[in-house]
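The values are calculated or read from the model by the stated rules, or taken from the named source; none is laboratory data. Because the structure is predicted, anything quoted here is derived from the model rather than measured. Neighbour counts are summed over all protein chains in view; Cβ atoms, including those assigned to glycine, are modelled from backbone coordinates with ideal geometry.
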Amino acid sequence: MHAKSVRLVNIVKTFKDPQSGQPVNAVNDVSFEIAPGDLVTLLGPSGCGKTTVLRMLSGFENPTSGHIYIGDSDVTDVPPNKRDTSMVFQSYGLFPHMNVSENVAYGLKLRNMAKDAIDEKVARFLEMVSLDKLAKRPPSRLSGGQQQRVALVRAMIVEPSVLLLDEPLSNLDALLREQMRVEIRRLQKSLSITAVYVTHDRVEAMSLSDKIIVMNAGKIAQIGTPSDIYRDPINSFVAGFVGKVAFFPCEVKEITSGSDNKICRVEIKGRFFDIPRWSPELKVSDSAVVMCRPESLLLSEPGTGIEDGTVSANVYLGNSVESWVKRKDASQSDILVQIDNPDVKKIWKEGEPVSLTFEPSLAKVLSA
Amino acid sequence: MKKRVLHFALTLGLVVILGFWIFTNIQNEFLSLAKTQQLRLVSAIAEAFPDRADTEPTPENVLEWLEKSVKNSGGGKVAYVNGVPAPLERVSALGDSSLVELLTALSSPFSLELAKGFDNVAYEETYRSAKDWELDNTSYALFFAPVVQKGEVVGALVAALDVSEENSFINLLLLLFGAAFAIIALVAYQVSFSRDVITGFAVLILFGISLVFVAYPLFESLRLSFYQDGQWTLDIWKTILMSRGYRSALQGSIELGVWTASCSTILGFIFAFVCARTNIRFKGFIAAMGTLPVISPPFSLTLSIILLFGNNGLFTRMGLMPFSIYGLPGLVLAQTIGMFPVAFLTLSGVLAAIDSTFEDAALNLSATRMKVFTSITLPLALPGFLSAWLLVFTISLADFANPLILAGNFRVLSLESYMEVTGMNRLGHGAALSMVLLVPTLTAFLVQRFWIARKSYVTVTGKPSGRITDLTTPGVRTVLVGIIALVIIFLISLYGTIIAGCFVKNWGIDYTFSLDNIFEAVTRGKDALFDTLALSLAATPIAGILAMVSALLFVRKTFYGKRLLEILMMTPFALPGTLVGISYVLAFSKAPLILVGTAAIIVINYTIRELPVGIEGGMAALRQIDPSIEEAATDLGADSATVFRTIVLPLIRPAFLSGLSYTFVRSMTAVSAVIFLISARWYHLTILIYNFSENLRFGLASVLSTVLIIIVFGVFGLMHLLVRRNDNLTKTIGA
């Protein structure tokens, strides 16, 4: 199989609002490129345009303007049946009047493959997902996970240049979802297919992807590897969307951007912190926020940290304890503090007053 | 994109050039052929000028010659000009007054055409004017021929020949070329620009079909109702709305509709209520008997009513008939028996959808059963009542078969419009009359759509209420069951009578057993039976496939003009059959589409009329299917046609099968439209049954009716079996 790159250039998609008749930009000037063989996730809240992007990639929607390239060829005007993509649908879209192997063989038959070759290939692929025993069953007599695997194999067996997955795991229970995540990634890598995966589940996106494209309101918010997005989010929307986060208001005091000494010094309530990451648009004496992930937060005696509060709940997870801290200002939501290796650390009891501090080397300064 | 535009423009340019070349060639060739013949004719007339060797021809001779010439010129006008007038000279002519008038008018100021004409005459040549003139609302070309005596030109014959046929031929040619160009342009557009060419073609074809076979005939009907003796006029409508005869027909239709709708709704409700809200046995049997008449061929139940209560009927002969069955009472009886199933089916749907826990709740609050019925069941069912009533009302108004046999002196619109067309040959009047039928039909439809639909309380909870509470006291139940038993016995005896009619020598006169009727009916009805079967079998797959394709387009695809196409395709459902029949006769007995008398027009008529029901069924079935199933197939490389064949059609097989059998049965039993379209070559079984019963050959009519009943019931039974085997599948599609 020859994995191909995918490139979107200035894609705009305008729908007409059914009620008001006004044009609405569902996708607004989106451009990105996916390297061959990568699995890339489109992540965003519902209505952000990620499914529309996927449907334009598959050809079911036509971009209002812009171009789509698969490999070197411009496929913008190519209809879905002529496009070298295949899609795994959220509701699977299995053909109810065909059994498992007929479902899987459908795409191969359309490619006029010899019957023996089809049978052999279908058997091989069904074995890959351990469905070989169920080949003669109709889809209605399969479990959700089995149906999901049939849909996956049916899309992959035609060896598309690009595999498209539209929230494929949203109809499965939590345990199955974890198994299928591993399964999808394994198959995608072993067949080395370029894949685009749409989800609103950040854990799914983190655990699957080579790269994540975070979308918001029809635009791309950030593109990066899972750890980039998690550690180095571009703004507070991305920071909040890809994980639990706490923000502390601060003022920028000093920015040093030397080659080996990159530091942004901020002041929070009279205390100074040197933070290695900051948004490039920040200038000295701007007011900003310090973004902290739960694992970079520390609890201490009241009055010793940057903000005081009380522990409202403790969740014991074995390898860590999640402590929820109620802030003084009750209108702000509780802050989650993750304490790793809880057996060797002090755990503050529920109702006890505490103070919050953070590990500056793990934080980031974002514009307020 | 630019390449495609260029490609498209080049194709169109080429087609225009090619079309223009062919068109001008045909036009020139045709016109010159016509001109040669006309010139030959005019010269021949001129040569017949009274030629006396010694004396000048007398004016009497000239007049006699002119008179003869008019006959020879085939409806033309002729005039004689003595001598050859020089240009600017006043022309004085002898002959047809309007032509002479025209010549006088043309000579002052002297027209160029006139000068050319007389110039040619002076050189002993015959000339045809380059332009045409209007005389008495017709186009004429002027011909100038020399009148020669003793080798010398003594005068000119001016003849005006009718060229309107020539012009209409050219216009027809232009229309055909225009249509061909439009088709090629649309196809080229699809091929160049559409992402889904097959869907584009399907839309084009459906638009073509609905414009040509729905919009065009209706437009022709409408046009002809405003057009009389070559002029636009409101006369027809004035006559129809003012004349007492027509008004009494309208009144009759409405009177009959109200009676039938009321009786049918009551009877239908009794059947539905007993089936849905009581615990009696044999509900399946009652429901079956309550639906049977709706698929019975027309004439069959009417026929047995005549056999029992007609002039020579069983009961009439026994002196048990206090009044004549012909007229309103007979019509109400026949229509109610035939149409109460419609009310029954509508109302049982409504009653089944009303959750009987409401009634249980009321009973629990210690209301009496009567109170529950009047305060809960009836109000909830009221919108259903109204729509059942309206449905039967419109069917009764459009009904044609029953009045045809049973009306007697009672006048109804559908029959009246038939009489206008076949009896008086006044197609405009017939069209206008059947259009009047549209008014109550459309009103009923709009009331149903915008008023009842909004008042409906029926809520689909999705929870089937298992047990039903018996809402009747034993006394009431006995009465209801008694009524139902009477109706069922009556129905069975009607069917029995038809069968009995097959084996009786001469119903009403001689009741001895005989098989003669069967033999005679088979010999005389064989051709009609095979015609009807062949035509119905031809229409069935066409209508079935078209209906499913349309349903797919309407539910799944977006394209320009979708709403319009939907309206056009669904319109025939609301049209009375007589209107459709008359419209088809009007539209398809002239160029460019002469179809009357062929099998095609009957097949097309079946197809167009039965499409809407098939489309509705297909759309309902498709809405149950997850669209991503079809998208998955497309995504795997299937084009629209393949998706339709391998995915859509198998999934909506039940709707497809019932669409097929519905079309077949309705085509086999059609009367109202097809009666206008049959010909000596293509006859229809139902019309033959009608003819036999008109000629009092009830035995033959019975045999053919029985055959028809067997075919219809057989097809429905077969469909039932096929669909049932599919049940497993349909249930899993939604999930």
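Screening the stretch A:89-169 for helices (runs of 4 or more DSSP H) wholly inside it with 1 or more residues that are over 28 Å from the mean Cα position of the chain (by Cα), more than 23 Å from A:Leu208 (Cβ to Cβ) and without any contact (Cβ under 8 Å) to a residue 40 or more places away in the chain returns the ranges A:100-110, A:115-128.
All conditions in (1) farther than 18 Å from B:Ile266 by Cβ; (2) surrounded by fewer than 18 Cβ atoms within 10 Å (Cβ to Cβ); (3) among the polar types (S, T, N, Q) hold for B:Ser356, with the sole exception of (2). The selection criterion, being in the same structural domain as B:Arg40 (by TED's automatic domain parsing) and more than 19 Å from B:Asn137 (Cα to Cα), holds for B:Ala115. Going by the conditions given, is A:Pro342 closer than 23 Å to A:Ile275 by Cβ, at pLDDT below 90 and surrounded by 13 or more Cβ atoms within 10 Å (Cβ to Cβ)? Here the answer is no, as A:Pro342 does not meet what is asked. Checking the stated criteria, A:Val53 turns out not to satisfy the condition of being under 29 Å from A:Ser227 (Cα atoms), assigned by TED's automatic domain parsing to the domain that holds A:Thr225 and either assigned to a strand (DSSP E or B) or touching a Ser or Thr at 6+ places or on another chain (Cβ under 8 Å) (or both). Scanning the stretch B:405-428 for residues that are under 18 Å from the mean Cα position of the chain (by Cα) and within 24 Å of B:Phe698 (Cβ to Cβ) yields B:Ser414, B:Leu415, B:Tyr418, B:Met419, B:Thr422. Scanning the stretch B:316-333 for residues that are among the small types (Gly, Ala, Ser) and in a helix (DSSP H, G or I) yields a single hit, B:Gly330.
In the stretch B:631-641, the residue that is farthest from the other protein chains (Cβ to nearest Cβ) out of those that are in a loop (DSSP other than H, G, I, E, B) and crowded, with 22+ Cβ neighbours inside 10 Å is B:Ala638. Residues that are of a type in the set (Lys, Arg) and at pLDDT 80 or above number at least 1 in the following helices (runs of 4 or more DSSP H) confined to the stretch B:334-405: B:369-372.
Entry remark, the stretch A:71-87: residues being more than 16 Å from B:Asp639 (Cβ to Cβ) and either aromatic (Phe, Trp, Tyr) or at the interface with another protein chain (Cβ under 9 Å from one of its Cβ atoms) (or both) number 1 in total.
Residues that are within 26 Å of B:Ala600 (Cβ to Cβ) and assigned by TED's automatic domain parsing to the domain that holds B:Val549 number at least 2 in the following helices (runs of 4 or more DSSP H) confined to the stretch B:177-245: B:197-210, B:216-224. Pairs are defined by a Cβ separation below 9 Å, a sequence spacing of at least 6 or placement on different chains, a first member in the stretch A:170-191 that is in the same structural domain as A:Gln148 (by TED's automatic domain parsing) and over 18 Å from A:Arg202 (Cβ atoms), and a second member that is assigned to a helix (DSSP H, G or I) and among the charged types (D, E, K, R); the pairs so defined are A:Glu183/A:Arg149. Starting from the stretch B:63-75, keep only residues that are assigned by TED's automatic domain parsing to the domain that holds B:Val147 and under 19 Å from B:Tyr140 (Cα atoms), then list their pairs with residues that are in a helix (DSSP H, G or I) and at pLDDT 80 or above whose Cβ atoms are within a distance under 7 Å, requiring at least 6 positions of separation or different chains. Once the first residue is assigned by TED's automatic domain parsing to the domain that holds B:Val147 and under 19 Å from B:Tyr140 (Cα atoms) and sits in the stretch B:63-75, its partners that are in a helix (DSSP H, G or I) and at pLDDT 80 or above give B:Ser69/B:Ile45; B:Asn72/B:Ile45; B:Ser73/B:Leu41; B:Ser73/B:Ile45. Is it the case that the stretch A:289-308 has a residue that's surrounded by fewer than 16 Cβ atoms within 10 Å (Cβ to Cβ), among the hydrophobic types (A, V, I, L, M, F, W, C) and within 24 Å of A:Phe237 (Cβ to Cβ)? No, the conditions are met nowhere in the stretch A:289-308. Residue count for the stretch A:89-111 satisfying the condition of being more than 9 Å from chain B (Cβ to nearest Cβ) and either at pLDDT below 90 or over 17 Å from B:Thr646 (Cβ atoms) (or both): 0. The single condition among (1) surrounded by 23 or more Cβ atoms within 10 Å (Cβ to Cβ); (2) in a loop (DSSP other than H, G, I, E, B); (3) of a type in the set (S, T, N, Q) that A:Gln188 does not meet is (2). Return the residues of the stretch A:119-147 that are within 14 Å of another protein chain (Cβ to nearest Cβ) and more than 23 Å from A:Arg186 (Cα to Cα); say none if nothing qualifies. A:Arg137, A:Pro138, A:Pro139, A:Ser140, A:Arg141, listed by residue number. For B:Lys3, indicate whether it is surrounded by 11 or more Cβ atoms within 10 Å (Cβ to Cβ) and part of a helix (DSSP H, G or I). No; evaluated as a whole, the condition is false for this residue. Please go through the stretch A:86-145 and give me each residue that is on the phi > 0 side of the Ramachandran plot and buried (at least 21 other Cβ atoms within 10 Å of the Cβ), ordered by number. A:Tyr92, A:Gly93 - these are the residues of the stretch A:86-145 that are on the phi > 0 side of the Ramachandran plot and buried (at least 21 other Cβ atoms within 10 Å of the Cβ). Scanning the stretch A:60-70 for residues that are more than 8 Å from every other protein chain (Cβ to nearest Cβ) and not in a strand (DSSP E or B), we see that the one that is farthest from B:Thr642 (Cα to Cα) is A:Thr64.
Where strands (runs of 3 or more DSSP E) fall entirely within the stretch B:85-170, those with at least 1 residues that are closer than 27 Å to B:Phe23 by Cα are at B:127-135, B:138-149, B:152-162. Filtering B:Phe644, B:Phe664 for residues that are more than 13 Å from chain A (Cβ to nearest Cβ) and at pLDDT 90 or above leaves a single hit, B:Phe664.
Tell me whether the stretch B:605-626 contains one or more residues that are within 14 Å of chain A (Cβ to nearest Cβ), among the small types (Gly, Ala, Ser), over 15 Å from B:Pro217 (Cα atoms) and crowded, with 19+ Cβ neighbours inside 10 Å. Scanning the stretch B:605-626, I find at least one residue that is within 14 Å of chain A (Cβ to nearest Cβ), among the small types (Gly, Ala, Ser), over 15 Å from B:Pro217 (Cα atoms) and crowded, with 19+ Cβ neighbours inside 10 Å, so the answer is yes.
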